[in-house]
Amino acid sequence: MNLYEKTAHELHELLTNKKISALELTKDLFARIDEKDSEIGAYLELTKNQALENAKKVDEKIARGEKISALEGIPCAIKDNICTKGVKTTCASKILENFVPPYDATVMQKLNAQNIIMLGKLNMDEFAMGGSTENSAYHITKNPHDLSRVPGGSSGGSAAAVAAGEAIFTLGSDTGGSIRQPASFCGVVGMKPTYGRVSRYGLVAFASSLDQIGPLTKDVTDCATVLNAICGLDEMDSTSTSAAVPDFTKSLVSDVKNLKIGLPKEYFVKGIDKEVETAVINVTKTFEKLGAQIVEISLPHTEFAISTYYIIAPAEAATNLERYDGVSYGARVDGADVVEMMTNTRTEKFGEEVKRRIMIGNYALSAGYYDAYYLKALKVRTLIQKDFTDAFKNVDVILTPTTPNAAFKIGEMTNDPLKMYLQDICTVPVNLAGLPGISLPCGFNKENLPLGFQLIGKPLDEETILRAAFTYEQNKD
């Protein structure tokens with residue numbers, strides 16, 4: 001087995017026992033990137049010199065007989081909307097094409113404290129707006145399982161890199177499914193923690209009340225390990241929670257006896273691919289065999305989630321993107337006066353999808369429409385949250401498909417934004433309610449494309465969904 005195919009916990013053992021060196025491991029990953037990335041396109045920027053230097057330092061530490069952390073010396077890569085000091089952070093947009101942050105995002109500070117090896121920055125949909133990574137201003141990322149298909153989005157580069165062995169783990173961000181949907185399309189594990197569990201300081205904002213950073217990994221153990229590293233209160237982020245962070249790896253127990261798993265009927269309606277539905281039903285049968293109890297539940301406001309999300313998220317995006325005006329940082333296109341300069345900059349440097357969402361958002365927030373759209377969407381969001389609160393009175397976790405279908409072909413939905421938006425039907429409600437959710441692989445369809453299912457937990461109850469996920473992973477056929 002090649003080193004790039006191994007999990008972080010397997011590699012930690014090999015490093016600790018001096019079976020391999022961090023330098024050897026890092027070189028192996030760069031060799032894999034050289035071999036695969038020209039066809040997959042997961043990366044926007046590589047940080048090879050810095051990575052090799054850091055790997056040498058880890059090896060020196062091991063040689064001195066010092067103990068290393070669980071992620072020390074493990075090569076990973078970061079979605080390009082997470083600020084990395086001294087390394088370009090473009091959000092896959094022309095408007096930030098030469099932006100080099102003067103500081104690290106809090107998650108980067110936390111990972112650097114663990115002495116991870118950062119391989120580079122990963123492709124994404126511009127400003128995280130999209131579900132296919134076709135909206136990157138630089139190039140399209142392809143699905144490692146089938147190069148004619150999308151890897152999902154907006155964290156498509158993050159999922160593709162893990163699936164192709166171009167990184168051991170990655171970080172993505174999830175505003176409406178942007179970690180879980182690509183995890184499902186690429187056959188990897190992806191988790192969106194509870195809103196506030198992970199600091200958003202240094203994450204370039206899309207929709208501030210929905211965005212959350214999370215890991216994409218090869219298995220559930222790695223997911224728990226990365227969560228341990230990145231969670232926690234941060235005074236730089238007023239929305240980060242002060243709730244104690246447990247050791248998530250202690251949740252990795254293969255036991256779901258008497259666990260009540262809710263199956264919402266609204267997630268198995270017309271439009272869900274038959275093979276996806278069958279795969280998810282088979283997951284419930286596995287859980288039942290292991291002693292869990294499957295309970296049918298109702299989340300009655302699910303049908304309004306997409307329309308609610310596509311008012312709230314663009315409204316917040318329009319506000320957040322006001323700062324890209326060609327004045328203080330980012331690209332500038334000259335004009336006769338300041339108004340023309342701002343107009344030219346935004347017209348030329350923002351992509352079509354970003355412009356579309358800015359227009360939707362500004363419309364929803366405009367005088368005369370604010371009450372009819374934005375205020376109403378906030379009220380429906382409260383109803384969606386209440387659905388989950390009521391459901392969790394009777395069940396411990398909720399199980400759904402992650403996506404309504406397997407990965408679609410590149411270009412298939414480019415001209416139909418509405419059809420593309422409906423891809424988020426299973427994931428968006430979790431963001432609106434601020435809940436934790438994890439996507440796990442559950443087999444392949446007839447075309448040999450990965451399928452995934454989602455486990456949703458109560459607020460701050462990542463432990464229960466990790467336990468259920470780990471149990472399934474250990475016992476699946």
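The values are calculated or read from the model by the stated rules, or taken from the named source; none is laboratory data. Remember, it's a predicted structure, so these values are computed and weren't measured experimentally. Using ideal geometry, Cβ is built from the backbone for each residue, glycine included, and neighbour counts are taken over all protein chains shown. To get the accessible areas, we keep the full protein, side chains included, count just its heavy atoms, and leave off ligands, DNA and RNA. Shrake-Rupley method; radii C 1.70, N 1.55, O 1.52, S 1.80 Å.
Ranking THR389, ILE360, PRO404 by how far each Cα lies toward the positive end of the dipole of the stretch 253-411 (charges on Cβ) leaves THR389 at the top. Nonpolar atom fraction for the chain, defined as the carbon and sulfur part of the 1.4 Å probe accessible area, stands at 50 percent. When the Cα gyration tensor is reduced to axis lengths a ≥ b ≥ c, the ratio a/c is 1.5 or higher for the stretch 190-272, and with a/b not above b/c it is classed as oblate. Note on SER209 and HIS139: the model spin-label points, each 7 Å out from Cα along the C-beta direction, lie 3.9 nm apart.
What full-extension length gain, to one decimal in nm, is calculated for TYR370 and ASP255 as 0.36 nm per residue of separation minus the Cα-Cα distance?
Difference between extended and current length: 36.6 nm.
Peptides 7-17, 264-274, 148-158, 366-376 ranked from most to least packed, by the mean per-residue count of other Cβ atoms within 10 Å: 148-158, 7-17, 264-274, 366-376.
Suppose only helical runs count, i.e. DSSP H with n ≥ 4. What mean residue ellipticity at 222 nm does that imply for the chain under -39500 (n - 2.57) per run, divided by all residues and rounded to the nearest 500 deg cm²/dmol? List each step's numbers first, then the result.
Working: 15 runs with 177 residues, N = 477.
So the calculated ellipticity at 222 nm is -11500 deg cm²/dmol.
Averaged per residue, the stretch 184-229 has 12 square angstrom of accessible surface, using a 1.4 angstrom probe with ligands and nucleic acids left out. Fully extending the segment from THR347 to ASP247 would add 31.3 nm, taking 0.36 nm per residue of separation and subtracting the current Cα-Cα distance. Label-to-label distance, GLU66 versus ASN394, with points set 7 angstrom from Cα along the beta-carbon direction: 5.5 nm. In straight-distance terms, cross-link reach from LYS79 covers every one of the aspartates and glutamates whose alpha-carbon lies under 16 Å from its own, apart from those fewer than eight places away in the same chain; here that gives ASP37, GLU45, GLU97, ASP104, ASP125, GLU126, GLU134, GLU166, ASP174, ASP211.
Cross-chain or 8 or more residues apart, Cα under 18 Å: how many lysine pairs in the stretch 147-293 fit that? Count them up, please. Present the calculation step by step, with values, prior to reporting the outcome.
Details: LYS192/LYS218; LYS257/LYS285; LYS257/LYS289; LYS260/LYS285; LYS260/LYS289; LYS265/LYS274; LYS265/LYS285; LYS274/LYS285.
For the stretch 147-293, qualifying lysine pairs total 8.
What lysines could a cross-link reach from LYS85, if we take a straight Cα to Cα line under 17 Å and drop same-chain neighbours fewer than 8 places away? Here the lysines satisfying the reach criterion relative to LYS85 are LYS48, LYS110, LYS121. Taking R0 as 45 Å, what FRET efficiency do you get between ASN49 and THR319 from their Cβ-Cβ distance, rounded to the nearest 0.05? With a Förster radius of 45 Å, E is 0.70.
Restricting to Cα atoms and excluding each atom paired with itself, what does the Kirkwood estimate give for the chain in Å? The partial results should precede the final answer.
Numbers: mean 1/r = 0.0449 Å⁻¹.
It is 22.3 Å.
Net length available on complete extension from ASP477 to GLU235 is 82.6 nm, with 0.36 nm assigned per residue and the Cα-Cα distance removed. Measuring r between the beta carbons of LYS270 and ASN415 and using R0 = 30 Å, the FRET efficiency lands at 0.85. For LYS67, the lysines whose Cα falls under 17 Å of its own Cα, not counting residues fewer than eight places away in the same chain, are LYS18, LYS19, LYS56, LYS57.
Charge dipole (Cα centre; +1 on Lys/Arg Cβ, -1 on Asp/Glu Cβ; no other charges) of the chain amounts to roughly 580 debye. Scanning residues 5 or more positions from CYS442 or on other chains, those with amide H under 5 Å from its amide H are LEU451, GLY452, PHE453, with H placed 1.01 Å from N in the peptide plane.
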